[in-house]
Structure formats: C-alpha cells, structure tokens
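Visitor: This is the structure I have questions about; it appears just below.
The values are calculated or read from the model by the stated rules, or taken from the named source; none is laboratory data. Remember, it's a predicted structure, so these values are computed and weren't measured experimentally. Ideal geometry is used to build each Cβ from the backbone, glycine not excepted, and the neighbour counts take in all protein chains shown.
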Amino acid sequence: MEVDTPMLSQYATPDRHLDSLKTAVRLPGQATMQTYYLHTSPEYPMKRLLCAGSGDIFYLGKVFRNGDLSPRHQVEFTMLEWYRLGFNMVEMMQEAAHVIQVVLGDLPIEAITYQQAFQKYANLANIHNATAADCRACLRAFNIPEVVGVEADDKALWEQLVLTEVIEPQLGLERITCLSHYPARDAALAQISTENPQEALRFEVFVQGMELANGYQELQDGEITHQRFQQSLQQRQADGVESVPLDERLLAGLTEASLPACSGVALGVDRLFHLALGANQLSEVMPFSIENA
C-alpha cells in the first residue's frame, strides 16, 4: 500500500552523518515560532504506521538532506522506501535488486558480505580484526592520495576510507552488487546478527560503483532503539554537531506495540535514473536541481 507521510516534523534523525533542514512554523496559540524539520527519510512515520498494523507499505516522494551537494548528491531528491513484513535481509536484498532491474535491465545480481569485499578488493583478510595501521597501509598500497586530518588510531574512519576509496568503485561493475553484514557499529536501526555479534543485518546495493539503496532487517525493540538514538546524540555532541529532538512518538509506538518482524529499504530514484540515462550528474535528470530551484 502506498502511504503519505509528513515532510515536516517536530523531530529529526539523530544519525551523526545526516543533517536535517529546519524551518520555523507559526502556529495559532503559540507565542513563539516553532522549530520543525524536513525529513531526511520517511522511515520514522512509516514505522509508526507499521506498529499500527498497516502491513506492507511504500513511499515515493521528496526527502531533504542539508549540506549534500555533489555530482551524486542533491539537497532535495526523490526516495522510494518500502517495508515488507516477514522478509529477512536476504529476501529484501533480492527484492531491491529486482526493482533496480526493472529500470536498468536484466543485470546479473551479486551478493557479497562486507568482510568478503575487504578480502577480495582490499586484501584485508579480516576487517573486523584489522587495525588502523592495516587500513592506512592498504590505502598506500592502492596509491590513494595521502589523507590528512584523521587521527592515526581512528580505525573506524580509516576503514571507511578503504571502503569508499578502494572497494566501492569496484562494486556493481556491469552487475548489481548487494553488500551485506556491515559492522555492528554501523547498524543504525538494523538488527545485530545472532551468528556474529560483530555484524549487523544491514545491506547496501551498488551499480557502477554508486550506492543506490540502503536497507535493514529492522530492529524491533523500542528500548534498544532509544539506546542507539542516545548513542548517536552523544556522537554528535562529541563531534560538535548540533543536537536534535528525538522522535518520541516513534519510540512510544515501538514500546507500546513493537515493530512487526520486517525488513525495509530506501532507494535513491534520481540515482537510478542517472545510471539508466548515462548522465554525468544527478542535476541532469532532475527538472529543478537546487542550483536552479
């Protein structure tokens, strides 16, 4: 079922790497302007609908992310997000890949884990046990230009650089690559694997080195969701990033009814068309990009 969710909310995502646009709203009976946020994804209200018994749902529409502007990014863009009850991560990956095939044609589908990708493309046998020094050595071995401003022992950030600079450009070449089992620290709102607590049941889908979709086998527990939100706020504070109000209505819904067993995925529609049309940047497939809005 297609659902309509609000673009404006009193709450915002605490995700350290997402920056919400905010605006001031005048409401009758309020002495001061009220702060509202434009959604970075319809995820939170969609999960409230799932808790209320909606069943399988999807959203197709605009989302907003402040500070995102590059050949592959726009501040305002179109997202397709959907949730399937009873689907595990593997089933959700397969469906996401099939949706991409509808637009890009019958490309072969490849499934590879995060660990396998580091071994295959970066020659790091076990990334979960690798050190920051191992990651720095990998970047040098692949002739990646020297990175400055990163602490020598910041393993998570050096690992991320290996992923973005060495591995991702090699994913999805003439195929659809589903990269799964991200580190537990990057779980966001995905479940942690019961087979390996170092891994989250999270995946991303790549074509031609470009990430098209991001999905989870969804975390159902409201208390753990709240804990992860708090951890994200603490990270924002540690990095000097503005704090945001947590979605108390989502947390209440998760506590009162619990999220049904499901998986969800968000797909960048503009990126999909960008690849289908062979464009050089997203603005070429958008009637009005932020540069000419």
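Visitor: Check off (1) surrounded by 14 or more Cβ atoms within 10 Å (Cβ to Cβ); (2) within 16 Å of residue 269 (Cα to Cα); (3) over 17 Å from the mean Cα position of the chain (by Cα); (4) not aliphatic (A, V, I, L, M) for residue 81 and give me the number that stays unchecked.
Guide: If we test residue 81 against (1) surrounded by 14 or more Cβ atoms within 10 Å (Cβ to Cβ); (2) within 16 Å of residue 269 (Cα to Cα); (3) over 17 Å from the mean Cα position of the chain (by Cα); (4) not aliphatic (A, V, I, L, M), just (3) comes out false.
Visitor: Out of 219, 251, which single residue is closer than 16 Å to residue 190 by Cβ, of a type in the set (A, V, I, L, M) and touching a residue at least 24 places away in the same chain (Cβ under 8 Å)? Talk me through it step by step, then tell me what you get.
Guide: Details: 251 fails: closer than 16 Å to residue 190 by Cβ.
On inspection, the qualifying residue turns out to be 219.
Visitor: Now for a different question. Let me spell it out: the conditions are (1) more than 20 Å from residue 250 (Cβ to Cβ); (2) touching a Lys or Arg at 6+ places or on another chain (Cβ under 6 Å), and residue 216 meets all of them except one. Which number is the exception?
Guide: Every condition holds for residue 216 apart from (1).
Visitor: Still on this structure, please answer the following. Residues of the stretch 113-130 being touching a helix residue (DSSP H, G or I) at 6+ places or on another chain (Cβ under 6 Å) and either of a type in the set (Val, Ile, Thr) or surrounded by 12 or more Cβ atoms within 10 Å (Cβ to Cβ) (or both), which ones?
Guide: Going through the stretch 113-130, the residues touching a helix residue (DSSP H, G or I) at 6+ places or on another chain (Cβ under 6 Å) turn out to be 117, 121-122, 124-125, 127.
Scanning the stretch 113-130 gives 117, 121, 122, 124, 127.
Visitor: Next question, about the same structure. Residue check: is residue 27 among the hydrophobic types (A, V, I, L, M, F, W, C), part of a loop (DSSP other than H, G, I, E, B) and loosely packed, with under 14 Cβ neighbours inside 10 Å?
Guide: Working: among the hydrophobic types (A, V, I, L, M, F, W, C): yes; part of a loop (DSSP other than H, G, I, E, B): yes; loosely packed, with under 14 Cβ neighbours inside 10 Å: yes.
Taking the combined requirement at face value, the residue satisfies it.
Visitor: Would you confirm whether or not the stretch 40-63 contains a residue that is of a type outside the set (Gly, Ala, Ser), modelled with pLDDT of 95 or more and over 25 Å from residue 219 (Cβ atoms)?
Guide: For the stretch 40-63, residues of a type outside the set (Gly, Ala, Ser), modelled with pLDDT of 95 or more and over 25 Å from residue 219 (Cβ atoms): present.
Visitor: Something else about it: Does the stretch 156-170 contain at least one residue that is farther than 26 Å from residue 201 by Cβ, acidic (Asp, Glu) and either modelled with pLDDT under 95 or in a helix (DSSP H, G or I) (or both)? Talk me through it step by step, then tell me what you get.
Guide: Going residue by residue through the stretch 156-170, those that are farther than 26 Å from residue 201 by Cβ are none.
Within the stretch 156-170, none of the residues are farther than 26 Å from residue 201 by Cβ, acidic (Asp, Glu) and either modelled with pLDDT under 95 or in a helix (DSSP H, G or I) (or both).
Visitor: Determine, yes or no, whether residue 136 is of a type in the set (D, E, K, R) and either surrounded by 14 or more Cβ atoms within 10 Å (Cβ to Cβ) or assigned to a loop (DSSP other than H, G, I, E, B) (or both).
Guide: Working: of a type in the set (D, E, K, R): yes; either surrounded by 14 or more Cβ atoms within 10 Å (Cβ to Cβ) or assigned to a loop (DSSP other than H, G, I, E, B) (or both): yes.
Yes; evaluated as a whole, the condition is true for this residue.
Visitor: Under 6 Å by Cβ, and 6 or more places apart or on different chains, what pairs join a residue from the stretch 19-33 that is in contact (Cβ under 8 Å) with a residue 24 or more places away in the chain with one that is surrounded by fewer than 12 Cβ atoms within 10 Å (Cβ to Cβ)?
Guide: 19/67
Table: residues versus (1) charged (D, E, K, R); (2) in contact with a Lys or Arg (Cβ under 7 Å, 6 or more places away or on another chain).
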position	(1), (2)
43	yes, no
57	no, no
61	no, no
69	no, no
74	no, no
78	no, yes
82	no, no
87	no, no
90	no, no
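Visitor: Only one of (1) part of a loop (DSSP other than H, G, I, E, B); (2) touching a Gly at 6+ places or on another chain (Cβ under 8 Å); (3) not small (Gly, Ala, Ser) is not met by residue 84, so which one is it?
Guide: (1)
Visitor: Looking at the stretch 63-75, can you tell me whether even one residue there is part of a loop (DSSP other than H, G, I, E, B), of a type in the set (D, E, K, R) and surrounded by fewer than 19 Cβ atoms within 10 Å (Cβ to Cβ)?
Guide: Taking every residue of the stretch 63-75 in turn, at least one turns out to be part of a loop (DSSP other than H, G, I, E, B), of a type in the set (D, E, K, R) and surrounded by fewer than 19 Cβ atoms within 10 Å (Cβ to Cβ).
Visitor: Considering the stretch 1-15 alone, what residues qualify as being within 18 Å of residue 76 (Cβ to Cβ), of a type in the set (S, T, N, Q) and assigned to a loop (DSSP other than H, G, I, E, B)?
Guide: If the condition is that a residue be within 18 Å of residue 76 (Cβ to Cβ), of a type in the set (S, T, N, Q) and assigned to a loop (DSSP other than H, G, I, E, B), then 5, 13 are the ones that fit.
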